[in-house]
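Report on the following structure.
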Amino acid sequence: MIIDGKAVAAQIRAELKSRTARFFEKYGRAPALAVVLIGNDPASEVYVRNKIKGCEETGIRSLCYRLPAAVSQEEALALVNDLVRREEVDGILVQLPLPVQIDAEKLLRAIPPEKDVDGFSAENIGKLARGEEGIVACTPLGIMELIKRCHIDPRGKHAVIVGRSNIVGKPMAMLLLNADATVTVCHSKTKALAEECRRADILVAAVGKAGLITADMIKEGAVVIDVGMNRKEGRLCGDVDFESAAKKASYITPVPGGVGPMTIAMLLSNVCAAAEARMK
Ligand code: NDP
């Protein structure tokens, strides 16, 4: 079965629309997301445009701040600090990557955990590791939502995650562990990657290498989640060789149209949750 991330994301957006309407009724304002875009990286422009469009569609107020590529660390930090102070701003998102003169860590650290709607802060990652409630990174959170809405129960299953980045692999491992899966995390130094993958009931590929995961690495009936976003001959494709893998998997996400649409939907959901938590 092909998991239709686009359809699930559309459903979540519709749910968010009523959630933001309820918020407005109660507090007389919309949840608000501030986006900081530094420089003119074309991919970042597209991501920011899509995030703002998502806000508009779901009744979230978006505030977009553009800073020139040559902006100083102090100026960028001053903007983030101003957004931190502003009562009506519920979530702050600094679009990555940043120009070389900007210390990304320092800038991101200025965002307090309650406004960190990307879920990248040490405090939010710490909460996730401890199994406490906090804001979780959008892509892994979206994958959990896909799994849940497909009625796949991770409990007792063997989950293998390929990739250990702070924004996908590691939080994914923690979410699946918190959902009672037995988790293996693979990376570039893993020996016998194929063997590890073949043990997976749930296989998550988050590497960034087209076609790395082939059908012979997949257990019959496994759930295969492809996070990868690669360009091959001008076309977008994932880390999994979809055609062959689909013949062995019970569930599989396509690229495009699988995990990707869920990421923005979960960002919008994180903004709503942050706004509700702040107003409490
Ligand atoms: P990173 O580059 O930060 O991490 C890649 C990970 O893959 C690293 O842990 C690396 O290992 C591991 N790796 C690299 N080569 C191999 C290999 N041959 N075998 C096993 N593991 C390997 O990437 P991200 O986590 O940021 O993103 C991963 C992919 O997901 C990218 O294609 C990205 O575009 C996509 N993505 C998609 C999103 C979406 O919304 N759909 C959102 C975010 C990312 P090591 O740590 O040892 O270097």
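The values are calculated or read from the model by the stated rules, or taken from the named source; none is laboratory data. Being a predicted model, the structure only gives us computed values, none of them experimental. All Cβ positions, glycine included, derive from the backbone under ideal geometry; neighbour counts span all protein chains shown. The area values use the complete protein model at the heavy-atom level, side chains included, leaving out ligands, DNA and RNA. Shrake-Rupley method; radii C 1.70, N 1.55, O 1.52, S 1.80 Å.
Could you tell me the distance between the Cα centroids of the stretch 216-241 and the stretch 23-52, to the nearest Å? Centre-to-centre (Cα) distance: 29 Å. Here, the stretch 39-166 has an Rg and a Dmax of 16.7, 51 Å when only alpha carbons are counted. Annotation for His151 and Glu88: the two label points, set 7 Å from Cα along the Cα-Cβ direction, are 4.5 nm apart. The distance between label points at Ala192 and Ala10 comes to 4.5 nm (points 7 Å beyond Cα on the Cα→Cβ vector).
Ignoring any ligand, DNA or RNA, what whole percent of the accessible area of the stretch 67-137 comes from carbon and sulfur when the probe is 1.4 angstrom? Intermediate values should be presented prior to the final figure.
Details: 1970 of 3610 Å².
Taking all protein chains in place, the stretch 67-137 shows 55 percent carbon and sulfur surface.
A 1.4 Å probe run over the protein chains yields, for the stretch 87-149, 45 Å² of accessible area per residue, whole-number rounding. In order along the stretch 192-203, the Karplus-derived 3J(HN,Hα) couplings, from 6.51 cos²θ - 1.76 cosθ + 1.60 at θ = phi - 60°, round to 6, 4, 4, 5, 4, 5, 5, 7, 7, 7, 10, 10 Hz, and Gly and Pro are given as x. Between the Cα long axis of helix 169-178 and the first principal axis of the chain there is an angle of about 80°, rounded to the nearest 10.
Which residues does a label at Ala43 reach in the stretch 199-222, if reach means a backbone N under 18 Å from a point 7 Å past the Cα toward the Cβ? Within reach of a label on Ala43: 205-212. For Tyr27 and Ala215, the FRET efficiency from 1/(1 + (r/R0)^6), where r spans their Cβ atoms and R0 equals 41 Å, is about 0.20.
Set the Förster distance to 41 Å, then compute FRET efficiency between Gln101 and Arg235 from the Cβ-Cβ distance, nearest 0.05. Between Gln101 and Arg235 the formula returns 0.75.
Provide the FRET efficiency to the nearest 0.05 for the Thr182-Leu77 pair, computing r from the beta carbons and using R0 = 51 Å.
On the way: r = 42 Å, r/R0 = 0.83.
Result of the calculation: an efficiency of 0.75.
Indicate the gyration tensor shape class of the stretch 3-63 (rounded, prolate or oblate), computed on the Cα atoms with a ≥ b ≥ c the square roots of the eigenvalues: a/c under 1.5 is rounded; otherwise a/b larger than b/c is prolate and the rest oblate. Verdict is oblate for the stretch 3-63. Length available on full extension from Ser165 to Glu56: 0.36 nm per residue minus the Cα-Cα distance, which gives 36.2 nm. Backbone amide hydrogens, once placed in the peptide plane, bring Thr182 within less than 5 Å of Gly156, Lys157, His158, Ala159, excluding anything fewer than 5 places away on its chain.
Find the Rg to Rh ratio for the stretch 219-278, where Rh is the Kirkwood radius over alpha-carbon pairs and Rg uses the same atoms. Intermediate values should be presented prior to the final figure.
Values: Rg = 15.1 Å, Rh = 13.2 Å.
Reported Rg/Rh (Cα atoms, Kirkwood Rh): 1.15.
For the chain, the longest principal axis of the Cα atoms and the long axis of helix 73-85 meet at an angle of about 80 degrees. Taken as Cα centroids, the stretch 64-101 and the stretch 144-175 sit 31 Å apart, rounded to the nearest whole angstrom.
Taking the chain as the reference, fit the longest principal axis to its C-alpha atoms, fit the long axis of helix 5-27 to the helix C-alpha atoms, and give the angle between the two in degrees, 0 to 90, nearest 10. Between helix and principal axis, roughly 30 degrees.
When the Cα convex hull of the chain is projected onto planes of every orientation, the mean area is 14.7 nm².
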